[in-house]
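The values are calculated or read from the model by the stated rules, or taken from the named source; none is laboratory data. Owing to the predicted nature of the structure, the values given are computational and were not obtained by experimental measurement. Backbone-built Cβ (ideal geometry, glycine too); neighbour counts: all protein chains shown.
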Amino acid sequence: MSSTPSLAFIGGGNMAGAILGGLLRAGRVKAGDVIVVEPYEPQRDKLRVDFGIHALAAGDDSLARASTVVWAVKPQLFTAAAEPLQAWLGGALHLSVMAGIPSASIVKLTGSERVVRSMPNTPALIGQGITGLYARPAVSAEERASVEQLLKPTGQTLWVEREDDLDAVTALSGSGPAYFFFFVEAMMAAAVDMGLTAEQGRRLALATCSGAAALGLASDESPTTLRERVTSKGGTTHAAISSLQADAVDAAIRRAVIAAQRRAAELGREFG
């Protein structure tokens with residue numbers, strides 16, 4: 001291990017692995033410049049085998065030499081994980097991938113005002129995610145740029161200027177993959193109802209949704225315009241959209257996303 005590690009992860013689970021693996025594959029960091037604190041021994045061993053990095057069961061004074069610390073523990077474990085490490089964390093930039101932990105709580109337990117909160121989503125695990133980011137005022141433009149580079153292997157990034165906006169990001173993109181899979185489950189059930197197999201329904205639904213998303217990203221036209229282009233009056237799509245509108249599905253989706261935003265705010269207050 002390098003005597004001057006540049007990057008430390010507190011928690012070595014899936015999201016930490018996605019970030020770390022992408023950085024190492026891209027050559028943005030060297031394995032010897034990384035420390036991971038991971039109490040769970042099987043996961044520690046996996047990190048060592050997969051990435052050749054230095055993984056610790058508990059933090060030590062080597063953390064004081066890390067320029068950036070990434071918090072990737074479960075939110076409910078943050079306080080217990082941070083308290084024993086406080087003496088070594090005050091000089092670092094801190095990036096949190098924990099849901100619900102307010103930046104003020106991270107400042108309090110690390111002694112550093114240089115905190116960036118993030119809200120990634122599960123497609124980050126295959127480099128296709130989008131992560132919402134909020135930086136406290138003490139974070140410099142250069143440090144914002146370094147955070148973007150740190151997260152680049154996981155997909156896109158989007159900055160918000162108010163910390164409360166991360167609750168909306170959580171509701172839209174953080175929880176969003178679950179809404180998508182819920183919709184795909186319903187399409188698969190309909191496929192079976194119509195005589196196709198569940199596997200045929202899965203392939204058709206996932207490929208269609210993936211292609212539609214790619215078309216939306218590639219097009220300058222709005223989703224409304226793209227939808228209307230497929231919806232010929234009196235046709236099959238028109239029948240489906242009319243049924244969805246009659247069932248007020250659009251209003252139900254909006255209520256669901258707002259419910260997720262409300263719960264994100266509640267969790268922030270609980271953890272804070």
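Screening the candidates GLY90, GLY100 for the property of being part of a loop (DSSP other than H, G, I, E, B), touching a residue at least 12 places away in the same chain (Cβ under 8 Å), closer than 24 Å to ARG262 by Cα and not hydrophobic (A, V, I, L, M, F, W, C) yields one hit, GLY100. The helices (runs of 4 or more DSSP H) falling completely within the stretch 114-199 that include 2 or more residues that are closer than 21 Å to GLN261 by Cβ and aromatic (Phe, Trp, Tyr) map to 176-193. In this structure, is ARG203 touching a residue at least 24 places away in the same chain (Cβ under 8 Å) and of a type outside the set (Ser, Thr, Tyr)? No: the conditions fail for ARG203.
One line per residue, one yes/no per condition, for (1) more than 27 Å from ASN14 (Cβ to Cβ); (2) surrounded by 15 or more Cβ atoms within 10 Å (Cβ to Cβ):
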| residue | (1), (2) |
| --- | --- |
| LEU150 | no, yes |
| PRO153 | no, yes |
| THR157 | no, yes |
| ASP167 | no, yes |
| THR170 | no, yes |
| GLY176 | no, yes |
| GLU185 | no, no |
| ALA190 | yes, no |
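With THR122, THR131 as the choices, which residue is in contact with a strand residue (DSSP E or B) (Cβ under 6 Å, 6 or more places away or on another chain) and under 22 Å from GLY13 (Cα atoms)?
Working: THR122 fails: in contact with a strand residue (DSSP E or B) (Cβ under 6 Å, 6 or more places away or on another chain).
So the residue among THR122, THR131 that is in contact with a strand residue (DSSP E or B) (Cβ under 6 Å, 6 or more places away or on another chain) and under 22 Å from GLY13 (Cα atoms) is THR131.
Within the stretch 1-29, residues that are under 14 Å from GLY52 (Cα atoms) sit with their Cβ atoms under 9 Å from residues that are of a type in the set (Ser, Thr, Tyr) and at pLDDT below 90, at 6+ positions apart or across chains, in these pairs: VAL29/SER6. The lone criterion from (1) outside the structural domain of MET15 (by TED's automatic domain parsing); (2) modelled with pLDDT under 95 left unmet by THR231 is number (2).
If the condition is being loosely packed, with under 11 Cβ neighbours inside 10 Å, over 25 Å from SER173 (Cβ atoms) and β-branched (Val, Ile, Thr), then the stretch 219-272 contributes only THR236. The single condition among (1) at pLDDT 95 or above; (2) loosely packed, with under 15 Cβ neighbours inside 10 Å that THR68 does not satisfy is (2).
Please give the strands (runs of 3 or more DSSP E) falling wholly within the stretch 2-69 in which 1 or more residues are closer than 20 Å to THR154 by Cβ and within 21 Å of the chain's Cα centre (by Cα). Please lay out each step first, then the result.
On the way: elements: 7-10, 34-37, 54-56.
Output list reads 7-10, 34-37.
Kindly provide the set of residues from the stretch 9-30 that are over 18 Å from SER96 (Cα atoms) and surrounded by 15 or more Cβ atoms within 10 Å (Cβ to Cβ), ordered by number. Break it down stepwise before answering.
So in the stretch 9-30, the residues over 18 Å from SER96 (Cα atoms) come out as 24-30.
Hits for the stretch 9-30 are LEU24, VAL29, LYS30.
Residues of the stretch 216-231 that are closer than 23 Å to SER243 by Cβ and in a helix (DSSP H, G or I): GLY216, PRO223, THR224, THR225, LEU226, ARG227, GLU228, ARG229, VAL230. Only one of the numbered conditions (1) under 18 Å from ALA66 (Cα atoms); (2) surrounded by fewer than 15 Cβ atoms within 10 Å (Cβ to Cβ); (3) of a type in the set (S, T, N, Q) is not met by SER6, and that is (2).
The listed residues are ILE101, ILE106, ILE19, and the only one of them that is more than 21 Å from PRO137 (Cβ to Cβ) and among the hydrophobic types (A, V, I, L, M, F, W, C) turns out to be ILE19.
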